[in-house]
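First comes the structure, then the notes that go with it.
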Amino acid sequence: MPLLEVKNLIKTYAAPGGNGDGAGAIHRVVEVASFTLEAGEQRALRGESGSGKTTFLHLLAGILAPDSGSILLAGREITQLSEAGRDRQRAESIGYIFQTFNLLQGHTALENVELGMAFGRGVDRAQAGALLQRVGLGDKLGHYPRQLSTGQQQRVAVARALANRPKLVLADEPTGNLDRRNAREALQLIREVCRESGAALLLVSHDERVLAQFEQMQDFMTINRALVTTVA
């Protein structure tokens, strides 16, 4: 059984109406008939801005609920969970690396990683420190995000994503805010840490230099049939 199995997944949004009553067309943003990812696999999805790739990742993570369809993660159907249940599932099984890092500015690097643990298996300060050591920030545990470079902030985000030993790591344009050198180093780090922990990695990007680093790469247009679909 694949680690991740998606079937007939659909997500729509209502566009603002132009007739004064607030009602508008329903736009199908994601329509994925079938998608699988094996345990430990690392795959990149190519997708331009507006292609629905971030919505797709949010559905996989349980941040959004689909209109219909199935998402099985390690054999568990997450679309049937409540919002609180999806939050728990995400905390326990999924790491998410955002383009904007989403670090809490009032907390140190160590505290940001610990907060990632707090919603999962529980805080383990030694493990949080070891993760920051692994990503090259062992001397920055007490630094706040504003005291770190952009590349260092991304490293904190990587450590936080791996804090609960997830089965799956989702990365949404994780190098989008980095210069070329830092982007190359961050991508190498993400892949190495996922490989070491045994986590599968699904990364989405429009950067061909990033995509070229993956042996397994797929164009999101080939799986998302909703890119130009208007339902009503």
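The values are calculated or read from the model by the stated rules, or taken from the named source; none is laboratory data. As the structure is a prediction and not an experimental result, all values here were calculated from the model. In this analysis, Cβ positions are derived from the backbone assuming ideal geometry, glycine residues included, and neighbour counts consider all displayed protein chains.
So, in the stretch 94-107, how many residues would count as being in a loop (DSSP other than H, G, I, E, B) and either hydrophobic (A, V, I, L, M, F, W, C) or crowded, with 19+ Cβ neighbours inside 10 Å (or both)?
Of the residues in that region, 4 qualify.
Answer with yes or no whether Leu187 is assigned to a helix (DSSP H, G or I), modelled with pLDDT of 95 or more and either more than 24 Å from Ala74 (Cα to Cα) or of a type in the set (Phe, Trp, Tyr) (or both).
no
So for the stretch 74-93 (the condition being in contact with a strand residue (DSSP E or B) (Cβ under 6 Å, 6 or more places away or on another chain), assigned to a loop (DSSP other than H, G, I, E, B) and crowded, with 20+ Cβ neighbours inside 10 Å), does at least one residue qualify?
Checked the stretch 74-93: at least one residue is in contact with a strand residue (DSSP E or B) (Cβ under 6 Å, 6 or more places away or on another chain), assigned to a loop (DSSP other than H, G, I, E, B) and crowded, with 20+ Cβ neighbours inside 10 Å.
What are the residue pairs meeting all of these: first residue in the stretch 196-225, first residue in contact (Cβ under 8 Å) with a residue 24 or more places away in the chain and outside any strand (DSSP E or B), second residue among the hydroxyl-bearing types (Ser, Thr, Tyr) and surrounded by 21 or more Cβ atoms within 10 Å (Cβ to Cβ), Cβ atoms under 8 Å, and 6 or more apart or on different chains?
Cβ pairs passing all conditions: Asp207/Thr175; Val210/Thr175; Leu211/Ser205; Phe220/Ser51; Met221/Ser51.
Select, from Ala159, Ala163, the only residue that is crowded, with 23+ Cβ neighbours inside 10 Å, in contact with a Gly (Cβ under 9 Å, 6 or more places away or on another chain) and not in a loop (DSSP other than H, G, I, E, B).
Working: Ala163 fails: not in a loop (DSSP other than H, G, I, E, B).
From the options Ala159, Ala163, the qualifying one is Ala159.
Only one of Gln147, Gln89, Gln105 is among the polar types (S, T, N, Q) and at pLDDT below 95. Can you tell me which?
From the options Gln147, Gln89, Gln105, the qualifying one is Gln89.
Take the residues in the stretch 128-156 that are surrounded by fewer than 17 Cβ atoms within 10 Å (Cβ to Cβ) and part of a helix (DSSP H, G or I); name whichever of them is nearest to the chain's Cα centre (by Cα).
Ranking the candidates gives Thr150 first.
Quick one: what pairs do we get from the stretch 53-71, first residue closer than 18 Å to Gln218 by Cα and touching a residue at least 24 places away in the same chain (Cβ under 8 Å), second part of a helix (DSSP H, G or I) and of a type outside the set (A, V, I, L, M), C-beta under 6 Å, 6+ apart or different chains?
Close Cβ pairs satisfying both conditions: Lys53/Phe220.
Matching residues to (1) surrounded by fewer than 19 Cβ atoms within 10 Å (Cβ to Cβ); (2) under 19 Å from Ala91 (Cα atoms):
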| position | (1), (2) |
| --- | --- |
| Lys167 | no, yes |
| Thr175 | no, no |
| Arg181 | yes, no |
| Leu187 | no, no |
| Leu203 | no, yes |
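Tell me the residue from Leu141, Leu162 that is touching a helix residue (DSSP H, G or I) at 6+ places or on another chain (Cβ under 6 Å), closer than 16 Å to Gly198 by Cβ and of a type in the set (A, V, I, L, M, F, W, C), please.
Values: Leu141 fails: closer than 16 Å to Gly198 by Cβ.
Checking each option against the conditions leaves just Leu162.
For Leu57, all conditions in the list (1) farther than 30 Å from Gln153 by Cα; (2) aliphatic (A, V, I, L, M); (3) out of contact with any helix residue (DSSP H, G or I) (no Cβ under 6 Å at 6 or more places or on another chain) hold save one; what is the number of the exception?
Result: Leu57 passes all but (1).
Check Leu141, Leu115, Leu178, Leu170 and return the single one that is at negative phi, modelled with pLDDT of 95 or more and out of contact with any strand residue (DSSP E or B) (no Cβ under 8 Å at 6 or more places or on another chain).
Leu141
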